């Protein structure tokens, strides 16, 4: 009986589809981006890790406006774009990137970088970045600031950290 079970297990393992556990290119999708330019490239959406030639080629791919219609670029959409550029093995971490545009003020003009503001007591998304490891959490703004300025944010447990205002309701902290 034991021999039959081992034979069945061996047959199952041999017939199991083989998935690569290594990659020539690794892509880490950012959770949310607000690009400054009208043309959105892969380098705005993700961190690309690979050989210098392939990495540059992938970073400079322009994302088609039809993919941006729903405001998200998901893993499948990005893979379909990458297949036209490279045949190397690619692994993508993350499920999708939300692409937001610069907001319009009440006058109808597009906000300038200094126009994005966080006020004391606002709840914001805090993005902690430590060498490619990205953690998102929520926090409360302690002192007000505009895009590009350093503000203090209080996290859960009353821990306070400093970061830069990067977008509407977003503070980035580089560790």
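Just wondering, is there one or more residues in segment 52-62 that are modelled with pLDDT under 85, part of a loop (DSSP other than H, G, I, E, B) and surrounded by 11 or more Cβ atoms within 10 Å (Cβ to Cβ)?
No, segment 52-62 contains no residue that is modelled with pLDDT under 85, part of a loop (DSSP other than H, G, I, E, B) and surrounded by 11 or more Cβ atoms within 10 Å (Cβ to Cβ).
Please go through segment 152-165 and pick out each residue that is within 11 Å of residue 124 (Cα to Cα), in contact (Cβ under 8 Å) with a residue 24 or more places away in the chain and assigned to a strand (DSSP E or B).
153, 165 - these are the residues of segment 152-165 that are within 11 Å of residue 124 (Cα to Cα), in contact (Cβ under 8 Å) with a residue 24 or more places away in the chain and assigned to a strand (DSSP E or B).
The values are calculated or read from the model by the stated rules, or taken from the named source; none is laboratory data. Since the model is a prediction, treat every value here as computed from it, not as a measurement. We place every Cβ from the backbone using ideal geometry, glycine too, and count neighbours over all the protein chains shown.
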